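Colleague: Sharing a structure below in structure tokens format, with a few things to ask.
The values are calculated or read from the model by the stated rules, or taken from the named source; none is laboratory data. Nothing here was measured: the structure is a model prediction, and the numbers come from that model. Every residue, glycine among them, receives a Cβ derived from its backbone with ideal geometry; neighbour counts consider all protein chains shown. Quick note on the areas: whole protein, heavy atoms, side chains included, nothing else; ligands and nucleic acids left out. Shrake-Rupley method; radii C 1.70, N 1.55, O 1.52, S 1.80 Å.
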Amino acid sequence: MAALTRITHKAHLPFPAATAAGGGRRPRAARIRMSLQENGPSLAVVGVTGAVGQEFLSVLSDRDFPYRSIKMLASKRSAGKRMTFEDRDYVVEELTADSFEGVDIALFSAGGSISKELGPIAVEKGTIVVDNSSAFRMVEGVPLVIPEVNPEAMEGVRLGTGKGALIANPNCSTIICLMAATPLHRRAKVVRMVVSTYQAASGAGAAAMEELELQTREVLEGKPPTCNIFKLQYAFNLFSHNAPVLSNGYNEEEMKLVKETRKIWNDTNVKVTATCIRVPVMRAHAESVNLQFENPLDEETAKDILKNAPGVVVIDDRAANHFPTPLEVSNKDDVAVGRIRRDVSQDGNYGLDIFVCGDQIRKGAALNAVQIAEMLL
């Protein structure tokens, strides 16, 4: 008999100032469980045993997402495993072309090749697919959505019509960056953006997180580190992002930031450049973002705009030298922004530097996808 795998949901505490920005979590104790509802949509979680798949379940539970049924789907290797979710037992089913009969919404996080193969089949069966891979992000006609940024991209996609659809979840680095940059872009119009990322192990999946933990122990014990996921030692080191390097010298991760920003902002003229680095952090990305504007924007106004942006919390205490860190945003919904300052290399108030941190698995993947699904209700 397959081992029982219990899905646990950690207590996710909001930032002290987050509720004012509209992104902090509501306390769980005061709420009545409303998730399982006869009139809710039928759900499927594809890749349920992976890091993002598990986080899908955590977010669905945390946000009391309504559903009448939920299918746990994964590869043949994981089929038969037993899981407990919201006090009910489930058996993981093998993902096949027949998995989507009667499914209203499918949350996909099983890799690009699986999405390309089975996403369109699910759509043909009337399922709305929210896909976390890169398979459809740049496909014309497929909405690429951050709900706080461009909800209008989903116009016309609705439940109850019997018509399936594909909706793409942006890359984690793009989501975290644009959560902070977009409110400023709306005010002053960004003409050029320079991004340097410091990306966590979680972006490469649960196995990479496990390897970072293993390597840390090995190095501290004087043993050679196990390098199965990455070719280089990860513990106590950092290196250029492991995505393939293209002919222009950029890697695929960097070009995702460039192309996805233009699509989400619906602005093919905005200039974006990026350098993406892996750092030995478990699950939250950090990004240094330099913005150049068409119209002037001073740092105090920028700070006020960000304090009022949904899903954003400002941590910017110069006196205490306290700014966002990956640990502070881990397991949290909000993206944290700090180091908000005028770019002294530019004349006047036409440039800002900001530092952004966000949980890669949560807002960078699972939370954003569930928020997209909420917009369908």
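Colleague: Go through region 188-203 residue by residue and turn each phi into a ³J(HN,Hα) via Karplus (6.51, -1.76, 1.60, θ = phi - 60°); whole Hz please, and just put x for glycine and proline.
Modeller: The phi angles translate into 10, 6, 6, 9, 8, 9, 10, 10, 10, 9, 10, 9, 7, 4, 4, x Hz.
Colleague: Additional query: Would you look at the GNM of the chain, springs on alpha carbons closer than 10 Å, and say which of N266, N169, N321 moves the most?
Modeller: Maximum fluctuation in the GNM of the chain, among the listed residues, is at N321.
Colleague: Kindly sort F100, F323 by accessible area of their heavy atoms, largest first, with the probe set to 1.4 Å.
Modeller: Working: F100 0, F323 30 Å².
Descending accessible area places them as F323, F100.
Colleague: Which value, in Å² rounded to 10, gives the accessible area of C172 with a 1.4 Å probe and all protein chains present?
Modeller: Solvent-accessible area, nearest 10 Å²: 10 Å².
Colleague: Give, as a single signed number, the net charge of other residues whose beta carbon lies under 13 Å from the beta carbon of A302, with Lys and Arg counted +1 and Asp and Glu -1. Present the calculation step by step, with values, prior to reporting the outcome.
Modeller: Details: positive: R186, R187, K303, K307, R339, R341, R342; negative: D298, E299, E300, D304, D316, D343, D353.
Residues close to A302 contribute a combined charge of 0.
Colleague: Moving on to the next point. Where the convex hull is taken over the Cα atoms of region 173-359, what is its projected area averaged over directions, in nm²?
Modeller: Numbers: hull surface 47.3 nm².
If you wrap the Cα atoms of region 173-359 in a convex hull and average its projections, you get 11.8 nm².
Colleague: Filter the trypsin sites (Lys or Arg not before Pro) in region 282-355 to those in DSSP coil with at most 13 other Cβ atoms within 10 Å of their Cβ, and list the result.
Modeller: Values: sites: R283, K303, K307, R318, K332, R339, R341, R342; in loops: R283, R318, K332.
Passing both the DSSP loop test and the Cβ count: R318.
Colleague: Taking 30 Å as R0, compute the FRET efficiency from the Cβ-Cβ separation of V344 and S75 and round it to 0.05. All intermediate terms of the calculation are to be shown ahead of the outcome.
Modeller: Values: r = 52 Å, r/R0 = 1.73.
After rounding to 0.05, the efficiency reads 0.05.
Colleague: Same structure, new question: Where the accessible area of the chain is counted over protein heavy atoms with a 1.4 Å probe, how much of it, in %, is carbon and sulfur? Display every interim value, and only then the final one.
Modeller: Numbers: 8530 of 16870 Å².
Ligands and nucleic acids excluded, carbon and sulfur reach 51 percent.
Colleague: Another one. Counting only heavy atoms of protein chains, what accessible area per residue, in Å², does region 173-359 have with a probe of 1.4 Å? Walk me through the numbers on the way to the answer.
Modeller: Working: 8350 Å² over 187 residues.
Each residue of region 173-359 exposes 45 Å² on average to a 1.4 Å probe.
Colleague: Could you rank S109, S35 by how accessible they are, 1.4 Å probe, largest area first?
Modeller: Values: S109 30, S35 0 Å².
From most exposed to least exposed: S109, S35.
Colleague: Take every DSSP beta bridge whose two residues both sit in the chain, then give the antiparallel share in percent to the nearest 5.
Modeller: Working: 30 of 65 bridges.
Counting only bridges with both partners in the chain, antiparallel ones make up about 45 percent.
Colleague: Next question, about the same structure. Which loop chymotrypsin sites (Phe, Trp or Tyr not before Pro) in region 187-272, with loop taken from DSSP, have no more than 13 other Cβ atoms within 10 angstrom of their Cβ? Spell out each step's value before the answer.
Modeller: Values: sites: Y198, F230, Y234, F236, F239, Y250, W265; in loops: F230, Y234, F236, Y250, W265.
Listed in order of number, the matching sites are F236.
Colleague: Over region 173-359, what is the relative contact order in whole percent, taking alpha-carbon pairs under 8 Å and six or more residues apart? Walk me through the numbers on the way to the answer.
Modeller: Working: 379 pairs, mean separation 52.8, N = 187.
Computed value for region 173-359: 28 percent relative contact order.
Colleague: So which GluC sites (Glu not before Pro) in region 76-150 are both in a DSSP loop and have at most 12 other Cβ atoms within 10 Å of their Cβ? Intermediate values should be presented prior to the final figure.
Modeller: Values: sites: E86, E93, E94, E101, E117, E124, E140, E148; in loops: E86, E101, E140, E148.
Hits after loop and neighbour filter: E101, E140.
Colleague: When the convex hull of the C-alpha atoms of region 41-92 is computed, what volume per residue in Å³ does it have?
Modeller: On the way: hull volume 3.5 nm³, N = 52.
Considering the Cα atoms of region 41-92, their hull volume per residue is 68 Å³.
Colleague: Check which residues have an amide H placed less than 5 Å from R68's amide H, if you skip close sequence neighbours.
Modeller: Answer set, sorted by chain and number: Q37, G40, S42, L43.
Colleague: Region 255-284 to region 197-249: how many Å between their Cα centroids?
Modeller: So the two Cα centres are separated by 21 Å.
Colleague: Find the accessible area per residue for region 69-141; the probe is 1.4 Å, ligands and nucleic acids are left out, and the unit is Å².
Modeller: Working: 3430 Å² over 73 residues.
Solvent-accessible surface per residue comes out at 47 Å².
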